[in-house]
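Engineer: Below are the structure tokens for one structure; questions will follow.
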Ligand code: PMP
């Protein structure tokens, strides 16, 4: 349950939380055509709050809008400013940001080329996405019976609202079977990603994640982890992963803005390595959290000051 805050940024203005409403004819509500982002802000050890990789998230939002041919009425700079303002208006020192670009009411057919393209930015407090202790102790995952989007059916590189029915189905199936998260294969049987995270494995000292041409979202955290791993001198490879390679991994973890770096300790009842959090995962987690909320200032270009 999201705790109510004070303000929501709607179409260029800060409105009261309870007044941020949409009409029932809102096109996106019916057909799911719209784009969104998930961004985190952290209070770092200098006592100040920064949004992590805001530029890349708004880049991806605009890319998603391009994919669905729905250019927002607000610029990159304006949406970025709204992200800073919404944290300030709600006096948040850390939290999760949700910019959304959606199609308003007007025509009701799927075409609806003249409906207004609306933009909003909201924020809320969000702890460990995959549950209490997930980041520290790892999660149990299940290979989903649902396949990830085929690249010729959906837009895997877009964070498109309607596409998330696939994530929701997989997540619900996994949770109802007693697991923490789903791992989806692509239609050819290769490992794709979690319902809301990218996936990495470690085998024989090498860090492996599916390549961008796979049916995966181009995760900002994925890029962060690849960058930090290279800096740490950890061998990295972007290649397809099979189900049995996943089962035989020494370590595995999910990455995502919400999930951060969440170790996977078990997949379909097979322990990853010794079943705990492996050494390379621990090393990357330590570096990641130092960069996002500690004192590691090796990537100032990733930080946008809020207050
Ligand atoms: N895959 C999917 C399907 C997601 O929803 C997310 C979360 N945005 C990710 C991967 C991870 O992306 P990011 O690291 O940019 O949050």
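Engineer: Which of the residues spanning the range 122-141 are away from the ligand (no atom under 16 Å from the Cβ), in contact (Cβ under 8 Å) with a residue 40 or more places away in the chain and more than 25 Å from residue 58 (Cβ to Cβ)?
Structural biologist: 131, 136, 137, 138, 140, listed by residue number.
Engineer: Continuing with the same structure: When the range 258-274 is examined, which residues are found to be away from the ligand (no atom under 16 Å from the Cβ) and in contact (Cβ under 8 Å) with a residue 12 or more places away in the chain? If you could, list the steps in order and put the result at the bottom.
Structural biologist: Of the residues in the range 258-274, the ones away from the ligand (no atom under 16 Å from the Cβ) are 265-274.
Within the range 258-274, 265, 266, 267, 268, 270, 272, 273 meet the criteria.
Engineer: Same structure again: Can you pull out the residues in the range 226-257 that are more than 16 Å from the ligand (Cβ to nearest atom), part of a strand (DSSP E or B) and in contact with a helix residue (DSSP H, G or I) (Cβ under 9 Å, 6 or more places away or on another chain)?
Structural biologist: Correct list: 236, 251.
Engineer: I'd like the full set of residues that are more than 14 Å from residue 40 (Cβ to Cβ) and either part of a strand (DSSP E or B) or out of contact with any helix residue (DSSP H, G or I) (no Cβ under 9 Å at 6 or more places or on another chain) (or both), limited to the range 295-307. Don't jump to the end; show me each part of the working.
Structural biologist: Taking the range 295-307 and keeping what is more than 14 Å from residue 40 (Cβ to Cβ), we get 295-301, 305, 307.
If the condition is that a residue be more than 14 Å from residue 40 (Cβ to Cβ) and either part of a strand (DSSP E or B) or out of contact with any helix residue (DSSP H, G or I) (no Cβ under 9 Å at 6 or more places or on another chain) (or both), then 295, 300, 305 are the ones that fit.
Engineer: A further question on this structure: Condition (residue is near the ligand (Cβ under 10 Å from one of its atoms), in contact with a helix residue (DSSP H, G or I) (Cβ under 9 Å, 6 or more places away or on another chain) and not assigned by TED's automatic domain parsing to the domain that holds residue 52) applied to the range 164-182: is it met by at least one residue?
Structural biologist: No; the residues of the range 164-182 include none that is near the ligand (Cβ under 10 Å from one of its atoms), in contact with a helix residue (DSSP H, G or I) (Cβ under 9 Å, 6 or more places away or on another chain) and not assigned by TED's automatic domain parsing to the domain that holds residue 52.
Engineer: Taking the range 258-285, which residues are closer than 21 Å to residue 218 by Cβ and assigned to a loop (DSSP other than H, G, I, E, B)? Quick ask: steps written out before the conclusion?
Structural biologist: Here is the first cut: in the range 258-285, the residues closer than 21 Å to residue 218 by Cβ are 258-262, 264, 284.
Across the range 258-285, the qualifying residues are 258, 259.
Engineer: From the list 100, 108, exactly one residue is in the same structural domain as residue 62 (by TED's automatic domain parsing), away from the ligand (no atom under 15 Å from the Cβ) and touching a residue at least 60 places away in the same chain (Cβ under 8 Å). Which is it? It would help to see each step written out before you state the result.
Structural biologist: Details: 100 fails: away from the ligand (no atom under 15 Å from the Cβ).
Selected residue: 108, the only one of 100, 108 that is in the same structural domain as residue 62 (by TED's automatic domain parsing), away from the ligand (no atom under 15 Å from the Cβ) and touching a residue at least 60 places away in the same chain (Cβ under 8 Å).
Engineer: Another one. Among the listed residues 35, 41, identify the single one that is over 19 Å from residue 306 (Cβ atoms) and within 16 Å of the ligand (Cβ to nearest atom). Before you say what the answer is, go through the steps one by one.
Structural biologist: Numbers: 41 fails: over 19 Å from residue 306 (Cβ atoms).
Just one listed residue meets the conditions, 35.
Engineer: Here's something else I'd like to know. Which condition from (1) loosely packed, with under 12 Cβ neighbours inside 10 Å; (2) in contact (Cβ under 8 Å) with a residue 24 or more places away in the chain; (3) closer than 20 Å to residue 295 by Cβ is the one that residue 44 breaks?
Structural biologist: (1)
To keep it simple, each residue is scored yes or no on (1) in the same structural domain as residue 220 (by TED's automatic domain parsing); (2) surrounded by 14 or more Cβ atoms within 10 Å (Cβ to Cβ); (3) within 15 Å of the ligand (Cβ to nearest atom).
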| position | (1), (2), (3) |
| --- | --- |
| 27 | no, yes, no |
| 59 | no, yes, yes |
| 72 | no, yes, no |
| 75 | no, no, no |
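Engineer: Go through the range 47-91 and report how many residues are touching a helix residue (DSSP H, G or I) at 6+ places or on another chain (Cβ under 8 Å), part of a loop (DSSP other than H, G, I, E, B) and within 15 Å of residue 306 (Cβ to Cβ).
Structural biologist: 1
The values are calculated or read from the model by the stated rules, or taken from the named source; none is laboratory data. This structure is a prediction, so every number in the text was calculated from the model and none was measured. Glycine also receives a Cβ, built like all others from the backbone with ideal geometry; neighbour counts cover every protein chain displayed.
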